[in-house]
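Written below as structure tokens is the structure these notes are about.
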Amino acid sequence: MKISPLARIGIAAALLASAPAVLAQTSERFLVDLSSTTRPNPAGDVLEVAAATGQFQHFLAAVHAAGYEDTLRGPGPYTIFAPTDEAFRTMDQHELARLMQPRNRDELRSLLAYHILRARLTSDALHGRTQSLETLGGYRITVDGSDGLRVNDQLVAVRDMQGSNGVIQGINSVLSAPVMVASAGVSGR
């Protein structure tokens, strides 16, 4: 059985991380304690950096299931608003299991694409500003650097993890693209 390089990295990171992330709440902020995890190697690509932290195993599994590995190992640059494992634990588990099924690959790719920008965006670059930016999926997200760093009002808990082809911003929620509802034409009376 052949194991992909990403799977090997994920397994190694999971073994190195002795415990799940410790979350601390201070006022309105959630912070992820990375002190007990392996420090990311900035020479690695964004997926290697995510694997090294030990905080993004569910996200990496989704990337693998969606067939997004080759894209995210490409030259980039990318900014990935990567949901932490805690974010995936709070997601509806039946919905997550449904999305991870091979027949729902396109839907999973769309969900992941909503978390990715084709640009390198750091908290310093956005300090004090708010921007509406287009994701790989074609939808727009709002990134606000006026009070920490937020994406669609969700606080970035783990900021500016640099990789060779982009940056990871860890968030404690799974973002959902806006749903467009077509209205049926109703004739007036």
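The values are calculated or read from the model by the stated rules, or taken from the named source; none is laboratory data. Quick caveat: nothing in here was measured; it's all calculated off a predicted structure. Here Cβ is always computed from backbone atoms with ideal geometry, including for glycine, and neighbour counts include all displayed protein chains.
Annotations
- All conditions but one from (1) assigned to a helix (DSSP H, G or I); (2) within 22 Å of Gln55 (Cα to Cα); (3) in contact with a helix residue (DSSP H, G or I) (Cβ under 7 Å, 6 or more places away or on another chain) apply to Glu107; the one that does not is (2).
- Scanning the stretch 46-68 for residues that are assigned to a loop (DSSP other than H, G, I, E, B) and within 14 Å of the chain's Cα centre (by Cα) returns Gly54, Gln55, Phe56, Tyr68.
Residues checked against (1) under 21 Å from Gly44 (Cβ atoms); (2) of a type in the set (Val, Ile, Thr); (3) out of contact with any Lys or Arg (no Cβ under 6 Å at 6 or more places or on another chain); (4) touching a residue at least 12 places away in the same chain (Cβ under 8 Å):
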position	(1), (2), (3), (4)
Glu95	no, no, yes, no
Asp106	no, no, yes, no
Leu111	no, no, yes, yes
Ala119	yes, no, yes, yes
Gln131	no, no, yes, yes
Glu134	no, no, no, yes
Asp147	no, no, yes, no
Val151	no, yes, yes, yes
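- Residue within the stretch 77-95 that is over 21 Å from Ala157 (Cα atoms) and either hydrophobic (A, V, I, L, M, F, W, C) or buried (at least 18 other Cβ atoms within 10 Å of the Cβ) (or both) present: no
- Filter result for the condition that a residue is under 27 Å from Pro178 (Cβ atoms), of a type in the set (Ser, Thr, Tyr), outside any loop (DSSP other than H, G, I, E, B) and modelled with pLDDT of 95 or more, over Thr79, Thr71: Thr79
- Subset of the stretch 155-189 that is surrounded by fewer than 19 Cβ atoms within 10 Å (Cβ to Cβ), out of contact with any Asp or Glu (no Cβ under 8 Å at 6 or more places or on another chain) and under 18 Å from Ile80 (Cβ atoms) - its residue that is modelled with the lowest pLDDT: Ala177
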